[in-house]
Amino acid sequence: MAKKLSLILTFFVSSLLLSAQSDVSFYGYLKNLGMYYKPVEPVAVSETKTLDYLMLNQLHNRLNFRYFATEKLTFALEARNRIYMGQMIREFPDYEEMIDNDNGFLDLGTVLISADSWFFHTMLDRAWLDYTSGKWQVRLGRQRINWGTNLVWNPNDVFNTFSYFDFDYEERPGTDGIRVQYYTSVTSSAELVYKIGRNSNESAIAGMYRFSKFNYDVQFLSGWVGKDYVLGGGWAGNIKGAGFRGEATWFKPRDKDDETNFETFVASVSGDYTFANSLYLHLGTLFNSYGTTGDAGGRSFFTPNISAKMLSMGRYQLFSQVSYPLTPLFFVNLSAMLNPCDGSSFIGPDFSYSLADNWEIMLNGQFFFGRSGTEYGEYGQAIYARVKWAF
């Protein structure tokens, strides 16, 4: 605990000292998110007590620093500071331990203060040095490595997989490692990424080559990630003004005798279009060769534990989205998912209103439906309300 706190404070002090320089940028936001969650079945909190619903409030501050040391060298620090409070913290003290879980090589998160019904957690999810010279770019440290092309499911995103349902984490997770890029031309590049791990099953090394052809951005990747060899590719372009994206990755176990691991092929394709009146439509589909065609339950609402290899438990998934600005300040959005094999589904209405240039309020729902044991049948229902101020 003391070691983690010392490390985080060292990063913050360094950032504050750097902020005195004119070649430093600083920005961030402050937001308050409230959640009401109703599980499918009452939750037991003791031998004699159950809860029909859970409530949680989160005050979230983000601080982003950039120090442009020279024309070639940039240093970045980005921190998440969150205060969790309410009934859920009081009834489930183990939730604190779940939040204080850093999956990176370095543990850059810690609980600074903890009480019966609230705790304060801080974490560095970005901390990197970037050196750029000519056609070369090298970045070392905790960083976002986004290889996906789609907007919902990303089989190519083998380093930083994220859940579509985690809407409040816009920046997405990061990776501890080194990334080397070489820009072969204005529209093409090659890169190599090494993810630092405590052993070979937690480490990764993979390369990607990107280029443009026939007005499409095309990419190919290969390497080994954790327990698997990976081989994949993707594209992004348009057909008559409609966005057309796709990506696929084949995962093959490195240890053929490991009975706990499995081979699979994951692919996703999507299309989206914005009409002249600003109506936006988005359709997508996902295929997972290892996924089941039967009831696909098995994930928790709070800890979905997804990866690029297991973006869904079912073999097929369908996605649709429609959004429209009712006024320049009032935006409505409706998204839905369906597992066509077990019939379970998700519906997510979203309403956001801009109070000013840097103020926004949002109301979001996550409603899951299905029989017990299906992909979405045991998730329950959740409603979120959020106020956000960016600076």
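The values are calculated or read from the model by the stated rules, or taken from the named source; none is laboratory data. Please read all numbers here as calculations on a predicted model, not as lab measurements. As a convention, Cβ positions derive from the backbone with ideal geometry for all residues, glycine included, and neighbour counts pool all protein chains shown. In case anyone asks, the SASA skips ligands and DNA or RNA and just uses the protein heavy atoms, side chains included. Shrake-Rupley method; radii C 1.70, N 1.55, O 1.52, S 1.80 Å.
Determine if region 320-327 includes at least one residue that is without any contact (Cβ under 8 Å) to a residue 24 or more places away in the chain and exposed (fewer than 15 other Cβ atoms within 10 Å of the Cβ). Yes.
For region 169-194, residues that are acidic (Asp, Glu), open to solvent by less than 60 Å² (accessible area, probe 1.4 Å) and at pLDDT below 95 total 1. Might you check whether a residue that is assigned to a strand (DSSP E or B) and open to solvent by 70 Å² or more (accessible area, probe 1.4 Å) occurs anywhere in region 196-208? No, region 196-208 has no match at all.
Results for (1) in a loop (DSSP other than H, G, I, E, B); (2) at pLDDT 95 or above; (3) in contact with a helix residue (DSSP H, G or I) (Cβ under 9 Å, 6 or more places away or on another chain), shown as yes or no for each residue.
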| position | (1), (2), (3) |
| --- | --- |
| 255 | yes, no, no |
| 260 | yes, no, no |
| 269 | no, yes, no |
| 277 | yes, yes, no |
| 281 | no, yes, no |
| 287 | no, yes, no |
| 290 | yes, yes, no |
| 303 | yes, no, yes |
| 340 | yes, yes, no |
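A Cβ distance below 8 Å, combined with a sequence gap of six or more or placement on separate chains, defines the contacts here; from region 69-85, residues that are in contact (Cβ under 8 Å) with a residue 60 or more places away in the chain reach residues that are open to solvent by 20 Å² or more (accessible area, probe 1.4 Å) and β-branched (Val, Ile, Thr) in the pairs 72/132. Residue selection: residue 125 fails the criterion of being buried (at least 18 other Cβ atoms within 10 Å of the Cβ), touching a Ser or Thr at 6+ places or on another chain (Cβ under 6 Å) and not hydrophobic (A, V, I, L, M, F, W, C).
Close contacts from region 169-192, counting a first residue that is closer than 18 Å to residue 216 by Cβ and a second that is hydrophobic (A, V, I, L, M, F, W, C), with Cβ to Cβ under 6 Å and a gap of 6+ residues or different chains, come to 188/211. For region 101-116, give me each residue that is farther than 22 Å from residue 195 by Cα and open to solvent by 40 Å² or more (accessible area, probe 1.4 Å). Passing the criteria: 112, 113, 114, 115, 116. Here the strands (runs of 3 or more DSSP E) wholly within region 81-148 that include at least 2 residues being farther than 30 Å from residue 54 by Cα are 118-133, 136-143.
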